[in-house]
Structure formats: C-alpha cells, structure tokens
C-alpha cells in the first residue's frame, strides 16, 4: 500500500522534473528518493516517469497522479495544521453560557476579545440563570459559563472573575426612590424579586442570609428574569438586588440605589472539572483578563 511519504516524494519529483532538485527540496539523497519512486510505481503497477540520461518526464498516469495528488497533499497538510491549531487551543468551537448579569458588558467584551486574539475559534453563546448554566455544563451542552453568585456544584470547577458591587432596583414610585442609598433595614416589608430556587440557589441563599442578619425574613416573588422591569409583578413595594454593572442599563422606570454598607457577590468562570480541552484553556485565559 503506498504511503503518504511516497506521494510527497512523487509530487516533488513531478514538480521539479529532476530527481536531484527534488532530493534537495526534500533534504534527502537522490538514491533513496529514486528507490521510493520505484516502490510507488511497483505498488501502482504503472510507471509514473519516463527517465532518460538527459531528462525526466511524466507519463499519463504520472500527470493524473500529480493533478489529484497535489490537491490531496494540500488537504492533508491543511488537516494536519488544523489539528495542530486545535491542539494549541487556537482553533475549534467553544460553547459559552452567560448569566444575565454579564449580558451588557462582560459578554460582548469576551466575544470581541476572542475574535480579535483567536479568529480561528468559533464562539457559540447562550444566556441562562446560573443554576441552569451549571446544569448545562454537567450535561456537556456548554464548555464554559460565567455565573453569578452560584452555589457549589459537584463536578464544576470555578474561578472568581470579579466581585460585583450590588445595588437595589426599585420603581420610581417606590417610597425609597428619592434616597441616595438604601440600607437592608429599609427594605423590611418589601417584596424581593428572585429567580426560582432551582435556577440560582446561591443568590437566593445569600439574600436570605443578609435579611436574617437584619432581623427579617424576605417576602419573595419569583420571576424568570429578575432585573427586567417587564418581568416584575405590579406594586410599589417590589425591589430586586442587582449588580451595579447591570444597573447602568436598566430602563428609566427603575432607579438603582447603592446598598449601605456595601455588598458584593462574585461573577465566576465555571467549567467541568474533567474538561482538559486546549480550547477551553485558551478561552479561560482570555476570560481571566476581564474585569
């Protein structure tokens, strides 16, 4: 069975029409090159070259092999190069999920950085709550996620990306809307918009802990997207805790007031503990530079 090296040798001789020049091009001696071509001709059962003391010419079979063999070598070399780039983590597909809290700034910045630094990567993005993102990781439908205040998940590794300062979102008709800042004590009796428990147990647990520190149990209202005004239930006693970064993009119907004292929650990179993909390592390195 002819080997790939035989095809490379043949194409070099066919393009140079000289065994000596082809040998120099291949960095080998002319004698073993000639032997390899003879072996290839024996394998194919037909001569590929007409040899005389003065020149080397292609036979009809040789011309046909050159036409298709050169194309085949280009495809093989391209495949080898693509595999090498994938092995270095600079080519391939990465599926990245983003928490809603990362929608406006971190998500577009990460995608832009990846396109700039590693144009060979295809980045497929999606958005969900942090709990859902962790489940998508474990089910192998995602490779990397940016989560917000997610609780620990077995099988998921994490690295803190940034601490997000928290604010309170409320409607302008809320009794506290004219304040410059809000203390947790001021929110006693309000209803907190929260995600469903299975979607982000970490955030909900932290909220309950803060309220408990101030002596009350929060009344909660579940919404699928807690920081979009359209998702809120009616009433002027509704509030939500959100990130300061997100609050820059809320509609004018809402006000964002700082919490006093300051409270922070992390946005983290999350991935499967058993995922050793070079592409994942590349994207994690780029993502770690976000602030």
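The values are calculated or read from the model by the stated rules, or taken from the named source; none is laboratory data. Computed from a predicted model, the values in this text were never measured in an experiment. Cβ sites come from the backbone with ideal geometry, for glycine too, and all protein chains shown count toward neighbours.
What number of residues in the stretch 90-122 are under 16 Å from residue 275 (Cβ atoms) and surrounded by 15 or more Cβ atoms within 10 Å (Cβ to Cβ)?
Residues of the stretch 90-122 under 16 Å from residue 275 (Cβ atoms): 92-97, 121.
Okay, now just the ones that are also surrounded by 15 or more Cβ atoms within 10 Å (Cβ to Cβ), so 92, 94-97, 121.
Residues flagged as under 16 Å from residue 275 (Cβ atoms) and surrounded by 15 or more Cβ atoms within 10 Å (Cβ to Cβ) within the stretch 90-122 amount to 6.
State which residue pairs qualify: first residue under 18 Å from residue 3 (Cα atoms) and inside the stretch 17-38, second residue part of a loop (DSSP other than H, G, I, E, B) in any location, beta carbons under 8 Å apart, and separation of 6 or more residues or different chains.
As it stands, the answer is 23/29; 37/48, since those pairs meet every condition given.
Does residue 290 satisfy being assigned to a loop (DSSP other than H, G, I, E, B), in contact with a helix residue (DSSP H, G or I) (Cβ under 9 Å, 6 or more places away or on another chain) and either at pLDDT below 90 or surrounded by 12 or more Cβ atoms within 10 Å (Cβ to Cβ) (or both)? Spell out the reasoning first.
Values: assigned to a loop (DSSP other than H, G, I, E, B): yes; in contact with a helix residue (DSSP H, G or I) (Cβ under 9 Å, 6 or more places away or on another chain): yes; either at pLDDT below 90 or surrounded by 12 or more Cβ atoms within 10 Å (Cβ to Cβ) (or both): yes.
Yes: the conditions hold for residue 290.
Please find, among 176, 199, 169, the residue that is in contact with a helix residue (DSSP H, G or I) (Cβ under 8 Å, 6 or more places away or on another chain), assigned to a loop (DSSP other than H, G, I, E, B) and modelled with pLDDT of 90 or more.
Exactly one of 176, 199, 169 is in contact with a helix residue (DSSP H, G or I) (Cβ under 8 Å, 6 or more places away or on another chain), assigned to a loop (DSSP other than H, G, I, E, B) and modelled with pLDDT of 90 or more, namely 176.
Just checking, how many residues over the stretch 66-80 are in contact with a helix residue (DSSP H, G or I) (Cβ under 7 Å, 6 or more places away or on another chain) and exposed (fewer than 11 other Cβ atoms within 10 Å of the Cβ)?
Number satisfying all stated conditions: 0.
Which one of the conditions (1) without any contact (Cβ under 8 Å) to a residue 60 or more places away in the chain; (2) in a helix (DSSP H, G or I); (3) not assigned by TED's automatic domain parsing to the domain that holds residue 123 does residue 112 fail to meet, given that it meets all the rest?
(3)
Taking residue 45 as meeting all but one of (1) surrounded by 14 or more Cβ atoms within 10 Å (Cβ to Cβ); (2) under 22 Å from residue 72 (Cβ atoms), write down the number of the exception.
Single failed check for residue 45: (1).
Select from the stretch 117-139 the residues that are without any contact (Cβ under 8 Å) to a residue 40 or more places away in the chain, over 19 Å from residue 203 (Cα atoms) and out of contact with any strand residue (DSSP E or B) (no Cβ under 9 Å at 6 or more places or on another chain) and list them in ascending order.
Within the stretch 117-139, 119, 139 meet the criteria.
Residues in the stretch 140-153: is at least one exposed (fewer than 14 other Cβ atoms within 10 Å of the Cβ), outside the structural domain of residue 237 (by TED's automatic domain parsing), touching a residue at least 60 places away in the same chain (Cβ under 8 Å) and farther than 21 Å from residue 234 by Cα?
Step one: filter the stretch 140-153 for residues exposed (fewer than 14 other Cβ atoms within 10 Å of the Cβ), giving 140-141, 152.
Then drop every residue that is not outside the structural domain of residue 237 (by TED's automatic domain parsing), which leaves 140-141, 152.
Next, only the ones that are touching a residue at least 60 places away in the same chain (Cβ under 8 Å) stay: 140.
So of that shortlist, the ones also farther than 21 Å from residue 234 by Cα come out as 140.
Yes, the stretch 140-153 contains at least one residue that is exposed (fewer than 14 other Cβ atoms within 10 Å of the Cβ), outside the structural domain of residue 237 (by TED's automatic domain parsing), touching a residue at least 60 places away in the same chain (Cβ under 8 Å) and farther than 21 Å from residue 234 by Cα.
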